[in-house]
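Asks: Here it is: the structure, laid out below.
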Amino acid sequence: MQKLFKGIVSLCLVMVFAAIAATEQYTLYLNTDGVNTGQCPSVNGLDGADAKIDISVNDSPKAITAVALSLCSGSAFSTPSALNLSDWSLTPSAGIGGSDVIEGKIPLAQLGNPSTVAIIAGSSVNGVIDIAGTGWPVLP
Ligand SMILES: [Ca+2]
């Protein structure tokens, strides 16, 4: 009976840990040349991405755990290279409706010094992928 009890306690701890250790994944797709076809795809089938920034967020406690840049080469993204975590921050419950706010910066030189950058934000929380908007924003 004691072994059965220990087995149950261990299983419960693993389940609680899994719930606490949920990871949220956000991706910023960047169109730096104004070309909206070919190149690399974003999550909803939009083409034309020239780079993406993947942001990993630990759910509890809320914290950015990794930020990485991938550049489009041909029709595929390159192996991600880590960006400086000190350039990125997360403020819990500071956004619209109590949403979290993620802020960050990247030197334009790492994107090839574009004159304009169109951005599409995508998220994957608990395996569900969503994307903001229906297409690339129109730049002035
Ligand atoms: Ca493009």
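Asks: Would you mind ranking Ile55, Ile119 by Cβ crowding within 10 Å, fewest neighbours first? Mind showing how you got there, number by number?
Replies: Working: Ile55 21, Ile119 15.
Arranged by neighbour count, lowest to highest, Ile55, Ile119 become Ile119, Ile55.
Asks: Counting Lys +1, Arg +1, Asp -1, Glu -1, what net charge surrounds Thr65 among other residues with beta carbon under 15 Å of its beta carbon?
Replies: -4
Asks: Oh, and also: Taking the Cα centre of the stretch 27-87 as the origin and placing charges on Cβ (Lys, Arg +1; Asp, Glu -1), which of Thr27, Val57, Asn84 is farthest toward the positive end of the dipole?
Replies: Among Thr27, Val57, Asn84, the one farthest towards the positive end of the dipole of the stretch 27-87 is Val57.
Asks: Continuing with the same structure: Please give the contour-minus-distance gain from Ser89 to Ser123: 0.36 nm per residue of separation, less the Cα-Cα distance, rounded to one decimal in nm.
Replies: Once the chain is fully extended between Ser89 and Ser123, it gains 10.6 nm.
Asks: Another question, if that's okay. Along the stretch 89-95, what does the Karplus equation 6.51 cos²θ - 1.76 cosθ + 1.60 (θ = phi - 60°) give for ³J(HN,Hα), rounded to whole Hz, x for Gly and Pro?
Replies: Values, residue by residue: 9, 10, 10, x, 6, 9, x Hz.
Asks: Then there is this: Suppose R0 equals 25 Å; then what is the FRET efficiency for Ser99 and Ala66 from their Cβ-Cβ distance, rounded to the nearest 0.05?
Replies: 0.75
Asks: For labels at Asn36 and Thr79 in the simple 7 Å Cα→Cβ model, what's the distance in nm?
Replies: Reported label-point gap for Asn36 and Thr79 is 3.5 nm.
Any read-out appearing in this document is the output of simple, stated calculations on the displayed coordinates, not a laboratory observation. Bear in mind the structure is a predicted one, so any value in this text is a computation, not a measurement. So basically every Cβ, Gly included, is an ideal-geometry build from the backbone, and we count neighbours across all protein chains shown.
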